[in-house]
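Enquirer: This is the structure, below, for whatever I ask next.
The values are calculated or read from the model by the stated rules, or taken from the named source; none is laboratory data. Bear in mind that the values here come from a model prediction, so they are computed numbers and not experimental data. A quick note on method: Cβ atoms are made from the backbone with ideal geometry, for glycine too, and the neighbour counts reach across all protein chains shown. Side chains included, ligands, DNA and RNA excluded: accessible areas come from the protein's heavy atoms. Shrake-Rupley method; radii C 1.70, N 1.55, O 1.52, S 1.80 Å.
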Amino acid sequence: MTDTFDRPGTTPVLRRRRPAFAAPRDEIDVPPLDQIAPPLDPPWLKEDTDTPDRKALYRHPDGHSLGLRIQSRGLAIQTWITAGPDLPPMPDGATAAEQAEAQAARDARVQPGRTWHAVLNTRTSKALVTDLSALVRDQLLPALTNKPRGIPAPPPPARIGQSDPTPPTEGAQT
């Protein structure tokens, strides 16, 4: 089933209609982002955006930026942090070991102009404000000094008739 919609001065667009029996699309009612965006400590400054209910942007004097955006239908909140234009300076008059350590620290962080992303699934969040603050504090801000290398995969499930391959943790009952 299709419909054509004509607007004066435009080319007709052919659009598919949803069948009457189709379930409504998932949509989550997320509070406006300007109400749930986490407060960041100085020197981070929150900028005014043209859509404060859907997008928040923070700037740092070193050129870093951090952004939050509610995705369509409220199913996720996209977050990102972009590193500023300058790397921390290398120490002058340092030993070779100190130079190597400083270089390793520079290599471990998000490089200038590069961005690190993380997404908050609003369907699984029980405390949206707390989860969003934790994501910014525990994943995005640390990426400026130590970029995460990915999310560890969960261990494979034990096969029927075999013991669990993961060792018990300290304090766990067996």
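Enquirer: How many angstrom lie between the Cα centre of the range 102-145 and the Cα centre of the range 57-84?
Expert: 10
Enquirer: Related question: Which residue, chosen from Trp116, Gln78, Pro89, occupies the Cα position most advanced towards the positive end of the dipole of the range 77-117, where the dipole is computed from +1 (Lys, Arg) and -1 (Asp, Glu) charges on Cβ about the Cα centre?
Expert: Gln78
Enquirer: Now a separate question. Using only the Cα atoms of the range 25-147, build the gyration tensor, take square roots of its eigenvalues as a ≥ b ≥ c, and label the shape rounded, prolate or oblate: rounded if a/c is under 1.5, else prolate if a/b is larger than b/c, else oblate.
Expert: Because a/c hits 1.5 or more and a/b exceeds b/c, the range 25-147 counts as prolate.
Enquirer: Mind grabbing the accessible area of His64 for me, 1.4 Å probe, Å², rounded to tens?
Expert: 20
Enquirer: Taking the highest mean first, how do the peptides 36-49, 88-101 order by number of other beta carbon atoms within 10 angstrom per residue?
Expert: The densest-packed peptide leads the list: 36-49, 88-101.
Enquirer: Could you run the Karplus curve 6.51 cos²θ - 1.76 cosθ + 1.60 with θ = phi - 60° over the range 44-51 and give me ³J(HN,Hα) per residue in whole Hz, x for Gly and Pro?
Expert: 5, 10, 7, 8, 6, 10, 6, 10
Enquirer: Now a separate question. Determine which residues of the range 26-48 fall in the zone a paramagnetic label at Leu128 would reach in this model, i.e. backbone nitrogen under 20 Å from the point 7 Å along Cα→Cβ.
Expert: It comes to 26-40, nothing else.
Enquirer: How much FRET efficiency would the formula 1/(1 + (r/R0)^6) give for Val119 and Thr95, where r is the Cβ-Cβ distance and R0 is 30 Å, rounded to 0.05?
Expert: With R0 = 30 Å, the Cβ-Cβ based efficiency is 0.10.
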